[in-house]
Each structure stands twice: as structure tokens, then as C-alpha cells.
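The next block holds one structure in the form of C-alpha cells; read it before the comments.
The values are calculated or read from the model by the stated rules, or taken from the named source; none is laboratory data. None of these values were measured; they are calculated from a predicted model. Note that each Cβ is placed from the backbone with ideal geometry, even for glycine, and that neighbours are counted across all protein chains shown.
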């Protein structure tokens, strides 16, 4: 799983079977210092509560559809949770 | 499997039900010299690791779900062990003593 920032929404009326009712958001993957890393992707919102501007974590590949009610939904990225805080460990030796 | 170092935790209230009551660890991945390679993973903790520890990570969904005892869960990365020692090319690169 990785961190990402929700930067937009996607609405599609005509879509593949199984995608009905799935909310799509554009997310920008982040490194652990919350800086953008790589290109934005469209992800399904498995928590139904994420919105633009929010910090989230997401799963990719086969695990993405397992976050949704139907585990065979054809998606490749899904938001698995909304981040309240990333607590970085301080004073780690080495 | 991969070797990483625990550098933080993710606090989340609204999430997929499988993450309820589980710790999410931010882990820097390490290269063969034991140094962070610039990438990271958010992993589910299964062994009770602490801050700064070097850990063994599974980054494969079926194995991760098997360890968690779940057949369907949106989990791919889990921490499955704490590294005591690691050597590569004849040099000791991690020694937690």
C-alpha cells in the first residue's frame, strides 16, 4: 500500500459490467514525505467517503477489487482508507 | 520477500473493515547494503514490531492473506518478521545484536 492525495473525480456513464455504483477518484501517489511520486491514476473509492484534497492509502492490482463489496470488480487501484495522520518515528538510530 | 525498516505508522479511522484493529507501518525498503533504496511500503503488522526495527516484509497478496487467515482482503504487504542479522557479499549489513 502507498500514500496518495485525492486530486479529482471521474464520472463515467457508459462503463463495463461490474463497475456500476463504483466511485472513481483521481489520486496522485506520494512518497513517504508526502511529495508527489509518479503519475496520477484513477482509483475506485472503497471507503465511499474520500474526496478531493484528502490523504489516503491505496492498494493496487488484484488486491484493489478485494477492497470492494464485489471482489471481482474490474479495477486496478482502490482507496482502502483515509489517513488521519502519518506518525514518523523520531530519533531512530542509524 | 523484502527487507525494510519501520519509520512510522499510519493512523486511519475510516478504512476497509479488514484494517480495523491492525497497525499499519510505514517501512522504508532496504537495499543489499542495508541502506534505504528510496521506496517504501505501508504494511500490516503481524508480529508486533517497533519503531526503527529492521523487518522482513511479504509483498504478495495470496501469502499475505494466508498469514492473516483471510481468503479475501485488500492486503498485499505485511510485516512477518524482525531481522536480527543480515549479511551480503561477506559483510554484515544489519546487526541488531
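When the range B:1-13 is filtered for residues that are buried (at least 23 other Cβ atoms within 10 Å of the Cβ) and more than 10 Å from every other protein chain (Cβ to nearest Cβ), only B:4 remains.
This table checks each residue for (1) more than 30 Å from residue A:72 (Cα to Cα); (2) modelled with pLDDT of 95 or more; (3) away from every other protein chain (no Cβ under 12 Å).
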| position | (1), (2), (3) |
| --- | --- |
| B:15 | no, no, no |
| B:49 | yes, no, no |
| B:53 | yes, no, no |
| B:62 | no, no, no |
| B:65 | no, no, no |
| B:73 | no, no, no |
| B:87 | yes, no, yes |
| B:94 | yes, no, no |
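Counting only strands (runs of 3 or more DSSP E) that sit wholly inside the range A:8-94, not one has at least 3 residues that are surrounded by 19 or more Cβ atoms within 10 Å (Cβ to Cβ), at the interface with chain B (Cβ under 10 Å from one of its Cβ atoms) and touching a residue at least 60 places away in the same chain (Cβ under 8 Å).
For the range B:82-94, the criterion of being within 13 Å of the chain's Cα centre (by Cα) and touching a residue at least 40 places away in the same chain (Cβ under 8 Å) is satisfied by at least one residue. Being more than 10 Å from every other protein chain (Cβ to nearest Cβ), surrounded by fewer than 18 Cβ atoms within 10 Å (Cβ to Cβ) and more than 24 Å from residue A:55 (Cβ to Cβ), is that true of even one residue in the range B:34-43? No.
State yes or no: is residue B:97 farther than 27 Å from residue A:61 by Cβ and either in a loop (DSSP other than H, G, I, E, B) or touching a residue at least 24 places away in the same chain (Cβ under 8 Å) (or both)? Judged against the criteria, residue B:97 is a match. Filtering the range B:25-33 for residues that are under 22 Å from residue A:32 (Cβ atoms), away from chain A (no Cβ under 11 Å) and touching a residue at least 40 places away in the same chain (Cβ under 8 Å) leaves a non-empty set.
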